[in-house]
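Undergrad: Handing you a structure now.
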Amino acid sequence: MDDTLIHYLRAMEEMLKQIETFQEEIRQFAATDADALEQFRIRFLGVKGIIKSMMGEMKQVPVDQKKSFGQVMNAFKLLAEEKFESEKNRLSFGSSSERSAIDITLPGNPLPTGSRHPVTLMRNRIVEIFQRLSFTVAEGPEIEDDWHNFTALNLDMHHPARDMQDTFYLSTDPAILLRTHTSNVQIREMERNQPPIRIICPGRVYRNETISARSHCFFHQVEGLYIDKNVSFADLKQTLYFFVKEMFGDDVKVRFRPSYFPFTEPSAEMDISCMLCKGDGCAVCKRTGWLEILGCGMVHPNVLKNCGIDPEIYTGFAFGMGIERPALLKYGITDIRLFSENDVRFLEQFTGA
Ligand code: DAH
């Protein structure tokens, strides 16, 4: 045996011993913290680490030995890598003593639950009462044409009553506008269906008005319409009496005042006795003891004709009311602008289905 070979075999033997020692060290290793783990990585797996530098010895290994030397080195490297991964996982999940420090009986972080908007609550109450009288819900567009918002409702182009319902026009020829009331839904439903028609139509409406604590450029209404043979003003009154009782209670008094709407004849406005002062007179009812809550009347024959319904056969009543005003009263709110400011501190105060 020549000297070089002896020298080489000795070196190899030495190296294998070293590897065994390192492997034992790796098996024993348990990282106390992230720092210790990093030291381990640098020592064995780093670019200038033990494994890389031993791999560098590969050049000197004779060709017929390269394969077995490679296998030894791969097993060494794999052991170091696996240890590194398992220690890393152990540290990030916490040691067993840390794990027991987590109290799994503590309540979780509560998910904030929303609440319904007071206008929605009021709308649902109104709709639900009429549903008990077999009215069904119908809805229509907020962007409307002149015909459905005005002309078909017996409000011709130059009718002075248009003045009270100025709105926002999206185009003037043809006139496309934001509807000023939910009465457009009456027209759309009567155009589509023959009587009997018994609908309740909640929705948002718009008017070109100065915004203040008492009025806004948009608000909500509920419209009612009942068309059939032999429907009379007595049916209208009875229906609304029932509504007021269910909505405001037995003690509340009702009165009808003659009024004018181009789309009804005769027309009336309905007031209820002020529930705050019980009719004695206060600031809310402007010292009258009464609160105006809706407009109503018998549907004008021209309106029926405009929608293709024969007024000689059918009659009907209609009514329309705002939602914000009764909501202000019910919840004791003094500024209508609060409804649309999206202030969670305000909105979260209302509960109900
Ligand atoms: N549309 C009317 C308004 O906004 C309210 C109204 C009055 C509706 C009488 C009706 C009605 O259906 O018959 O002022």
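Undergrad: Check which residues have an amide H placed less than 5 Å from His181's amide H, if you skip close sequence neighbours.
TA: Tyr206
Undergrad: Oh, and also: How far is helix 233-248 tilted, in degrees, relative to the longest principal axis of the Cα atoms in the chain, given as a value from 0 to 90 rounded to the nearest 10?
TA: Taking Cα atoms only, the helix is inclined about 40 degrees.
Undergrad: On a 0 to 90 degree scale, rounded to 10, what angle separates helix 3-28 from the longest Cα axis of the chain?
TA: 40 degrees
Undergrad: Take the Cα of Asp173, step 7 Å along the line toward its Cβ, and report every residue of region 131-164 whose backbone nitrogen sits under 18 Å from that point.
TA: 146-147, 157-158
Undergrad: Right, something else. Report, in listed order, any pair from Lys245/Lys330; Lys59/Lys83; Lys253/Lys286; Lys245/Lys305; Lys253/Lys330 with a Cα-Cα distance greater than 24 Å.
TA: Exceeds cut-off: Lys59/Lys83; Lys245/Lys305.
Undergrad: Looking only at Cβ-Cβ distances, which cysteines of the chain have no other cysteine closer than 4.7 Å?
TA: Here Cys201, Cys217, Cys296, Cys307 come out as lacking a disulfide-compatible partner, given the Cβ-Cβ threshold of under 4.7 Å.
Undergrad: What are the ³J(HN,Hα) values, in whole Hz, obtained from phi via the Karplus relation 6.51 cos²θ - 1.76 cosθ + 1.60 with θ = phi - 60°, for each residue of region 75-89 in sequence order, with x given for Gly and Pro?
TA: 5, 4, 5, 4, 4, 5, 5, 5, 4, 4, 4, 5, 5, 4, 4
Undergrad: Relative contact order (percent) for region 127-227, with alpha-carbon contacts under 8 angstrom and 6 or more residues of separation?
TA: This gives 30 percent for region 127-227.
Undergrad: Tell me the per residue accessible area of the chain using a 1.4 Å probe; a whole number in Å² is fine. Display every interim value, and only then the final one.
TA: Details: 20740 Å² over 353 residues.
Per residue, the chain has 59 Å² of solvent-accessible surface.
Undergrad: 5 Å is the cut-off here: which amide hydrogens, built 1.01 Å from N in the peptide plane, fall below it relative to Leu294, excluding neighbours closer than 5 in sequence?
TA: Counting only residues 5 or more places away or on other chains, the set is Met270.
Undergrad: Could you run the Debye sum over the Cα atoms of the chain, one equal point scatterer each and no solvent, and tell me log10 of I(q)/I(0) at q = 0.07 Å⁻¹, two decimals?
TA: -0.51
Undergrad: When each pair of different Cα atoms in region 169-312 is counted once in the 1/r mean, what is the Kirkwood radius in angstroms, to one decimal?
TA: Computed over region 169-312, the radius equals 17.2 Å.
Undergrad: Sort Tyr260, Tyr169, Tyr206 by heavy-atom solvent-accessible area, probe 1.4 angstrom, most to least.
TA: Values: Tyr260 125, Tyr169 100, Tyr206 35 Å².
From most accessible down to least: Tyr260, Tyr169, Tyr206.
Undergrad: Helix 183-192: angle to the longest alpha-carbon principal axis of the chain, degrees 0 to 90, nearest 10?
TA: The two axes meet at around 90 degrees.
Undergrad: What number, rounded to the nearest 500 deg cm²/dmol, is the helix-based mean residue ellipticity at 222 nm of the chain, given -39500 (n - 2.57) per DSSP H run of at least four residues and division by all its residues?
TA: Value at 222 nm, helices only, nearest 500: -11500 deg cm²/dmol.
Undergrad: What's the ranking of 108-117, 314-323, 190-199 by average number of surrounding C-beta atoms within 10 Å, highest first?
TA: My ranking of the peptides, most packed first, is 314-323, 190-199, 108-117.
Undergrad: Moving to a separate point now. First compute the accessible area of region 1-120 with a 1.4 Å probe, then give the percent of it belonging to carbon and sulfur atoms.
TA: 57 percent
Undergrad: Net charge around Arg179, counting only other residues with Cβ within less than 12 Å of its Cβ (Lys, Arg = +1; Asp, Glu = -1)?
TA: Charge balance near Arg179 sits at -3.
The values are calculated or read from the model by the stated rules, or taken from the named source; none is laboratory data. These figures come from a predicted structure and were not determined experimentally. Methodologically, a virtual Cβ is constructed for each residue, glycine included, from the backbone with ideal geometry; neighbour enumeration extends over all protein chains shown. Side chains are part of the model used for accessible areas, which takes the heavy atoms of the whole protein and leaves out ligands, DNA and RNA. Shrake-Rupley method; radii C 1.70, N 1.55, O 1.52, S 1.80 Å.
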